Amino acid sequence: MSIVIEPAATNVSAPGIVQRLWTDALFARIVVVIFVLLLWEIAGHTIFDQDFISPPSSIIAALPRVLRDPNIIWALSVTFYELVVAFIIALIGGLLIGIPVGLHGFTTRSALPLILLAYSIPQVTILPLFVLWFGVDSASKIAFGVSHGIFPVILNVIAGAQTVENAHLTAARSMGATRFQILRRVILPHMTPSLFAGLRLGMSATLLGVLLAELYVSTGGIGYYTKLYSESFDPPAMFSLVVCLALMAVVLNETVRRAEKRASFWRVQGDNAQSQR
Amino acid sequence: MNGMSSGWQARAIQIGSVAALFLLWDFVGERKLINAILLPAPRAVFWKFVALAQTSALYTHLFVTLMELVLGFLIAAAAGLSLGYFIGRSRYGTMVFEPLLAGVFAVPIVIFLPIFLLFFGIGPSSKIAFGATYAFFPIVLNTIGGISQVDDRYVRVARAMGADDMQMFRRVLLPAALPVIVTGLRIGCIIGFLSIIGSEMIAGIEGLGSQIVRLGEAMNTAEMFAYILFVIFFAIILNTGLSHLQARFAIPGDGR
């Protein structure tokens, strides 16, 4: 009797997985990713030339070799340093420009169109100017990252500062708050949700700027090694480097996103966040 | 809030600061306060531009870049629209695929540029592929968003009245989703253009981007500025033109 029940049980579990694929979105997502990687693995061994594309397994195999090279670690940390510095400058600059512009109706009306005008210039076109002005080292990457990252921060800070209620400002002032106290206790808390929305956009823009400049010209950063590996036909090493960069991007984006969630828990999330572009 | 009374003052400040910046640039350039290699005088740039517009070099490179843009955009639109339609049509498909696509788009795709160069070479095909990849994501995400946000009642009513798939697509889904889809196409086109220029700059032999870099490396900054201004104008024209087009497409959503 038990022998009869056995196949019946497996018959139930096989449709179980299929059924899960059609009901559990997260499970299906993982299956899709595995399927794509599997397809890539098979194609890498059959269709593609191993000199140009490498399957996931050889990328993973190359990862320790790449990460054991102290030059690569140095290059990764240089890129990370450029990203962090550029982001911090974009954050501070964005606050310094955005708060005064956004707090008063008149300054907003006069300065906002100018900022939008500057933002509408496609910045890739002026990348060579940054290299011309700031040199081939980290300074040009940081400057280019800042020029990308600062605009979303400014625009969202302006949007946030506009939501500060005049009654709150007047109340704080009449209770004898100093300018710094008003900034610290009234204006900044009011702006948090849109500020963090701006920071999230600013982070992805900074990543774009720094990595573009890094790929354009690089002496010791990650751009130099991606070029080196692709020119010396070592795709596993280059792919694993790209994986490291992608991980770095994901970690930085996720950090800002987490911070956003924590900072705006007391408000409806992103209620006045202005998403640009 | 104070009404229109201070409107002209704000406008005056805007025009004034742009004019002041320009005059400062002209002053610095004419007096040669900054090395002309680092910042050429605006008049020199202008005359270079006039001279450039009369040669064929500008148009040859413009043609290469435009060809790359058109092909890349067509690939991205074909892939993005069809994939977005099939994913967006099913609620579950949206739940599975939308986060995956949005997650990939959150990674700056520039880091994959070396792979494109390795695979497609430094000719136009790598730029087409790179531009198409960048343009694909806004198009597919907006198509999914547009199709999946169509009010369920419309779909159910149309089904109840016996609409087949084609009629459903033609009469219900498309008109309701079109404004969002067209926005995606516009964003995709702009992003595609910029990423093509960017990839031409990083590794290219022809096209506007590579020309900017070549002139910069030859320290011929006045001509480089002329090219940069041309690309900026072109991008602005592209953007405003597409915005107008988008505004026209927004209307069918209202026509019942």
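The values are calculated or read from the model by the stated rules, or taken from the named source; none is laboratory data. Note that the coordinates shown come from a computational prediction; the quantities given were computed from them, not determined experimentally. No Cβ is skipped: glycine too gets one built from the backbone with ideal geometry, and neighbour counts run over all protein chains shown. Heavy atoms of the whole protein, side chains included, go into the accessibility calculation; ligands, DNA and RNA do not. Shrake-Rupley method; radii C 1.70, N 1.55, O 1.52, S 1.80 Å.
Cα convex hull, the range A:36-81: 87 Å³ per residue, rounded to a whole number. Taking every residue in A:207-217 and counting other chain Cβ atoms within 10 Å of its Cβ, the average works out to 5. Each Lys and Arg adds +1 at its Cβ and each Asp and Glu adds -1 at its Cβ; summed about the Cα centre, the protein assembly as shown shows a dipole of about 1720 debye.
Can you give the accessible area per residue of the range B:78-227, in Å², using a 1.4 Å probe?
On the way: 6020 Å² over 150 residues.
Heavy-atom SASA per residue in the range B:78-227 reads 40 Å².
Each Cα pair under 8 Å and six or more residues apart adds its separation to the average, and for the range A:63-263 the resulting relative contact order is 30 percent. Computed over protein heavy atoms with a 1.4 Å probe, the carbon and sulfur contribution to the accessible area of the range B:149-256 reaches 62%.
The lysines whose alpha-carbon is closer than 28 Å to the alpha-carbon of A:Lys227, local same-chain residues fewer than 8 away aside, are A:Lys141, B:Lys127. Across the alpha-carbon atoms of chain B, the computed radius of gyration and Dmax are 23.1, 77 angstrom.
Only helices reaching 15 angstrom along their own axis (Cα) with mean Kyte-Doolittle hydropathy no lower than -0.5 count here, and for the DSSP H runs of chain B these are B:7-31, B:42-53, B:57-89, B:91-106, B:124-148, B:174-202, B:221-249.
Here the convex hull built on the C-alpha positions of the range A:136-230 has a volume of 93 cubic angstrom per residue.
With one equal scatterer per alpha carbon and no solvent term, the Debye-computed log10 I(q)/I(0) for the range B:118-256 at 0.12, 0.14, 0.21 1/Å reads -0.63, -0.76, -1.17.
Across the range A:199-265, the volume of the C-alpha convex hull divided among the residues equals 71 Å³ per residue. Of all aspartates and glutamates in the structure, those lying under 18 Å Cα to Cα from B:Lys48, and not within fewer than 8 positions of it along the same chain, are B:Asp26, B:Glu30, B:Glu217, B:Glu223.
In chain A, the longest principal axis of the Cα atoms and the axis of helix A:222-231 are about 30 degrees apart.
The mean of 1/r over all pairs of different alpha-carbon atoms in the range A:63-263, once inverted, gives a Kirkwood hydrodynamic radius of 18.4 Å. Taking the C-alpha atoms only, the angle from helix A:25-46 to the longest principal axis of chain A is near 60 degrees. Using a probe of 1.4 Å, the accessible surface attributed to A:Thr170 totals some 80 Å² when neighbouring protein chains are kept in position. The radius of gyration of the Cα set in the range B:57-184, together with its Dmax, comes out at 17.7, 61 angstrom. Rounded if a/c is under 1.5, else prolate if a/b is larger than b/c, else oblate: which is the range A:128-173, with a ≥ b ≥ c the root eigenvalues of its Cα gyration tensor? In terms of gyration-tensor shape, prolate.
Looking at the range A:177-241, the chymotrypsin sites (Phe, Trp or Tyr not before Pro) that sit in a DSSP loop and have at most 16 other Cβ atoms within 10 Å of their own Cβ are A:Phe233.
Would you calculate, for the protein assembly as shown, the mean residue ellipticity at 222 nm contributed by helices, counting each DSSP H stretch of 4 or more residues as -39,500 (n - 2.57) and dividing by all residues, to the nearest 500? Present the calculation step by step, with values, prior to reporting the outcome.
Details: 22 runs with 416 residues, N = 533.
It lands at -26500 deg cm²/dmol.
Computed from the Cα positions only, the extents of the protein assembly as shown along the three principal axes stand at 99, 63, 49 Å, in decreasing order.
Counts of other chain beta carbons within 10 angstrom of each beta carbon in peptide A:228-237 average 2.
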